[in-house]
Amino acid sequence: MPSSRTFAHALCILCVGVLPAVPAGAQEHATSPDTQAESGPLVLSPVKVTARKREELLIDVPIAATVVRPGNTTLSSFDSAGSISRAVPNFTINDSGNTRLTFGSIRGVGILTQPLSPVDTAVGWAIDGTVQPTFGSNSQLLDMERIEVLRGPQNTLFGRGTQGGAVNLVTRRPSFDREFALASEIGESEYRQVDAVANGALLPGLAAGRLAVRYSSYGGDIENISTGGQDGETDLGAARASLLLTPNQRTTAILRGYYEDDRRDTPAFLLRDSSDFPGSAITPENRLDRRLVNASLEIEHDFDKVLLTSVSSFHSNKQEFTSDLSDGLIFGALTGLPTSAFDTPGQSERRAEISETAFQQELRLSSLGSSDVQWLVGGNLYYSDLELDGNDRDPLSPFNNGLVDTSIDTLSYAAFGEAGFPLFGPLSGTVGLRVGRDEQDLESLFISRGNPGIVPRFAEEGRFEDTYVVGGASLTYSISPSHNVYTSVRRGHTTGGFATLNRNQFFGQPQDARPASESWTYEVGAKLEFWDGRLRLDGAAFFNDIEDAALISFDPGQSLSVPVPLNYESYGFELEGAAQLGAGFTLRGGVGFTEAEFVDVEEGDISGARDGEQVPNVPRWTTSLSLENSTPVSLVGEDPEVLGRFEWQYSGERAADVSNSFTLDSYHVLNAQVGVAFDGVSFYGFARNLTDERFETLGVRFGPEVEAVSVGRGRVLGISASLRF
């Protein structure tokens, strides 16, 4: 891999290459919507974000970010996190079909295996700026205004679990305008979806409300050769409600609530080389029932010189799941026995219930938008209580047998601040700092079923404490109001602590708390607009140095699972753009490259990792490209628009595990949509995953030449209709 000097030289080349492309007399920010002015060309809409806890133009923010809007990208109700990642360069989601274990990485920084606890993540998922618990973060993208994917450490303002970046889901705010909308979709594999939205004034000038509801179902597309049915079935319902209060001109309050009921039976892994692929042989079928409840109250008051913001939030996440621990296809290949040998229902089964409740309070004081110096200071308090009740039965394993009762309490508190200020001429700077502390208490009890070599009973208690300091600094050079270049350095952090399940409890061994992970990120980038706002280009290059990334590995010498901290580095770039081509065509796209390699690994490390080998689940190349068109046509008495969108998304091959024992294949996803929109009514047909590619999202090696993978959903062709009045 290149040396630090080589990397610095590459960054300088990028900056020098960008500067000559800036034309003299560059135009101001484009502020017009995507509509035709009477005497001017179509321009791109301005992109606004709240990446720094205030609304501002993305071009002014020294952070590499992608904004995904539901109207410009195909977003899935069954694979919400994955559908976002496929539209964002250098963002990867590793999905086993179980929303409890959906995890990912940005620029190669993420969870190397799977989330081990409710605070174990390096990519934080936030709703309207409030970071969610790990096991409840992958919620429905219902009634979204936009999704902001922020690359690089966001610990200063977003706090815990954002060492690799943050995904901020910005919901639509209530307004005093009357709005009602109804949309439905129907497609293959018994796919159905209905969305409804109602918005309007409750008390004119004082209160407005908004309600969005969704029901969606899918019949499954993975053949189960043992039961004869289809696995992958999903039924979900969700509702999001919000209330806007404006008691006076200085005070605004928004009360938000969200409920989701998600039920699915997707198998975790399928035998990769099976003639039945993608097929399963689990009996009974896997079942996951998850119920999410979120509520928050955000209050802002303008004190004339400063803005006070208070955000209080509540989160409840309850999950019940049942899984067959011995898929007949996988274990048949592993043991040489016929698939039918593993067909006895309940013979090998895991039942568990996870219940988590979390509370969070944040207070912020910030400058007003008209200030030359933009500053923000605040404090955050977070508390989480997680309970796990498990019941395992497995005659094939001496270990997965018994009852488990685990409790993990987490308390986090922090103070933070950030300031942006002019330096001289077109140069400005930003500095930020966060000082925080995490405390975690563990209580766990294991009761065996009496298997030989396993302790009959084991109880343990533990405590983990971690104090950290993170922050960063950036410099921005504003060549013109529509051409900025920047450079930044940021310190990242992911807290350590205890795993929800102690894999060594069978032997009476207490688990060791995994250490916190620290990192440094160096970035240089440019944000440019051309052609009077018809072309937008963003580019960035980065280098990450990560220490003590957490991994649970099996030590065959001691027959124990142990936490193994590993170091790695990643470097690469993103280049994204959007162009208004004329004649109703808009082109959007991006490409990302990430090289992520282990470093400083001791020879013979029990994890199987080796110096210079790939960090798992990180593709080198990711690409997305979309072409949209909106063309007015003339009909008798009507003036509708013909609408169309075509998307191509690509992810390169990547290592499946830490030891690089096998490689997950690269894949392409093609989506298409075409329709017609009248005044308040629209119809369209759609194709999702047009080529029916069963792309691999996650992999595990069960034994020599026995490889299993999780797969994405197959092709869905369908039609849709919507009504707005």
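Numerical summary
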| item | result |
| --- | --- |
| Condition met for S175 (modelled with pLDDT of 95 or more and either in contact with a helix residue (DSSP H, G or I) (Cβ under 7 Å, 6 or more places away or on another chain) or assigned to a loop (DSSP other than H, G, I, E, B) (or both)) | yes |
| Given (1) farther than 30 Å from G703 by Cα; (2) basic (K, R); (3) under 22 Å from the mean Cα position of the chain (by Cα), number of the condition R264 does not satisfy | (1) |
| Test: residue in region 169-181 that is within 30 Å of I111 (Cα to Cα) and not β-branched (V, I, T) | yes |
| Filtered residues of region 434-480 (kept if surrounded by fewer than 18 Cβ atoms within 10 Å (Cβ to Cβ), among the hydrophobic types (A, V, I, L, M, F, W, C) and assigned to a strand (DSSP E or B)) | V435, L445, I447, A459, V469, A473, L475, I479 |
| All strands (runs of 3 or more DSSP E) inside region 558-600 with 2 or more residues being at pLDDT 95 or above and either out of contact with any Cys (no Cβ under 7 Å at 6 or more places or on another chain) or surrounded by 18 or more Cβ atoms within 10 Å (Cβ to Cβ) (or both) | 566-582, 585-599 |
| Qualifying residue in region 424-431 (condition: over 33 Å from the mean Cα position of the chain (by Cα) and not in a strand (DSSP E or B)) | yes |
| Residue satisfying all of: in region 269-284; surrounded by fewer than 20 Cβ atoms within 10 Å (Cβ to Cβ) and touching a residue at least 60 places away in the same chain (Cβ under 8 Å); farthest from R173 (Cα to Cα) among these | D273 |
| Strands (runs of 3 or more DSSP E) wholly inside region 638-725 containing at least 2 residues that are β-branched (V, I, T) | 667-677, 696-703, 706-711, 716-724 |
| Index of the failed condition, N629 passing every other in (1) of a type in the set (S, T, N, Q); (2) modelled with pLDDT of 95 or more; (3) assigned to a strand (DSSP E or B) | (2) |
| Qualifying strands (runs of 3 or more DSSP E) (wholly inside region 1-109; at least 2 residues being at pLDDT 90 or above and closer than 30 Å to K318 by Cβ) | 91-94, 103-106 |
| Residue in region 677-698 that is closer than 25 Å to S85 by Cα, among the aliphatic types (A, V, I, L, M), in contact with an Asp or Glu (Cβ under 9 Å, 6 or more places away or on another chain) and at pLDDT below 95 present | yes |
| Region 165-183, subset surrounded by 16 or more Cβ atoms within 10 Å (Cβ to Cβ) and farther than 19 Å from D128 by Cα, residue farthest from the chain's Cα centre (by Cα) | F176 |
| Selection count where residues are part of a loop (DSSP other than H, G, I, E, B) and either surrounded by fewer than 19 Cβ atoms within 10 Å (Cβ to Cβ) or at pLDDT 95 or above (or both), scope region 219-255 | 7 |
| Failed criterion for T121 (all others in (1) assigned to a loop (DSSP other than H, G, I, E, B); (2) under 20 Å from G590 (Cβ atoms); (3) among the polar types (S, T, N, Q); (4) within 12 Å of the chain's Cα centre (by Cα) hold) | (2) |
| Total residues in region 710-725, condition hydrophobic (A, V, I, L, M, F, W, C), modelled with pLDDT under 95 and crowded, with 19+ Cβ neighbours inside 10 Å | 1 |
| Number of the exception - Y650 against (1) hydroxyl-bearing (S, T, Y); (2) free of Cβ contacts under 8 Å to residues at least 40 places away in the same chain; (3) under 21 Å from I719 (Cα atoms) | (3) |
| Condition met for V469 (in contact with a helix residue (DSSP H, G or I) (Cβ under 7 Å, 6 or more places away or on another chain) and among the aliphatic types (A, V, I, L, M)) | no |
| Matching residues, region 388-417, being small (G, A, S) and either more than 19 Å from Q440 (Cβ to Cβ) or within 24 Å of the chain's Cα centre (by Cα) (or both) | G390, S397, G402, S412, A414, A415, G417 |
| Options V681, V706; residue that is crowded, with 17+ Cβ neighbours inside 10 Å, of a type in the set (A, V, I, L, M, F, W, C) and over 25 Å from A549 (Cα atoms) | V706 |
| Search result, residues across region 190-216 that are surrounded by fewer than 18 Cβ atoms within 10 Å (Cβ to Cβ) and under 19 Å from S720 (Cα atoms) | E190, R192, V194, A196, V213, Y215 |
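So that you can scan it fast, the table gives a plain yes or no per residue for (1) more than 29 Å from N224 (Cα to Cα); (2) in contact with a Ser or Thr (Cβ under 9 Å, 6 or more places away or on another chain); (3) assigned to a loop (DSSP other than H, G, I, E, B); (4) at pLDDT below 90:
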{"site": "E300", "(1), (2), (3), (4)": "yes, yes, no, no"}
{"site": "L308", "(1), (2), (3), (4)": "yes, yes, no, no"}
{"site": "V311", "(1), (2), (3), (4)": "yes, yes, no, no"}
{"site": "F314", "(1), (2), (3), (4)": "yes, yes, no, no"}
{"site": "K318", "(1), (2), (3), (4)": "no, yes, no, no"}
{"site": "L329", "(1), (2), (3), (4)": "no, yes, no, no"}
{"site": "A333", "(1), (2), (3), (4)": "no, yes, no, no"}
{"site": "L337", "(1), (2), (3), (4)": "no, no, yes, no"}
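The values are calculated or read from the model by the stated rules, or taken from the named source; none is laboratory data. Predicted, not measured: the structure shown is a model, and the values here were computed from it. All Cβ positions, even for glycine, are placed from backbone atoms using ideal geometry, and neighbour counts span all protein chains on display.
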